[in-house]
Amino acid sequence: MQTIFVMIKCELGHAYDVADRAVEVEQVSEVHSISGQYDLLLKCYLDDGQDAGHFVTGSLQTLPGVRDTFTLIAFKAFG
């Protein structure tokens, strides 16, 4: 299992709509509203061998209201 975190910048006024759609994506475990340059932070669990790039571009960047994404790949969880 691979964990990635994806920050999403939304079209103005659409963060809640994007969040509602993101929680419906099977691999998305958590959706948080955040402050700063991005509006949402998603924690996603991908199956071993699943291509993170294809997941982000095909399942998240295509959600209506998404303007930009920034992806972090987690190596190890502590505690």
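Peptide packing: for 31-38, 71-78, 15-22, the average count of neighbouring Cβ atoms within 10 Å per residue gives the ranking 15-22, 31-38, 71-78, highest mean first.
With the gyration tensor restricted to C-alpha atoms of the chain, the semi-axes of the equivalent ellipsoid amount to 20, 14, 11 Å, longest first.
Placing +1 on the Cβ of every Lys and Arg and -1 on the Cβ of every Asp and Glu, with no other charges, gives segment 2-73 a dipole of roughly 220 debye about its Cα centre.
If you rank 25, 6 by fewest surrounding Cβ atoms within 10 Å, what's the result?
Numbers: 25 15, 6 24.
Ascending number of Cβ neighbours within 10 Å: 25, 6.
Annotation for segment 1-52: GluC sites (Glu not before Pro) lying in DSSP loop with at most 11 further Cβ atoms inside 10 Å of their Cβ are 24, 26.
Once C-alpha pairs closer than 8 Å and six or more residues apart are averaged by separation and normalised to the residue number of segment 2-73, the relative contact order reads 49 percent.
Values quoted throughout were computed directly from the atomic coordinates according to the rules given, and no laboratory measurement underlies them. Everything quoted here is computed from the prediction, not taken from an experiment. Using ideal geometry, Cβ is built from the backbone for each residue, glycine included, and neighbour counts are taken over all protein chains shown.
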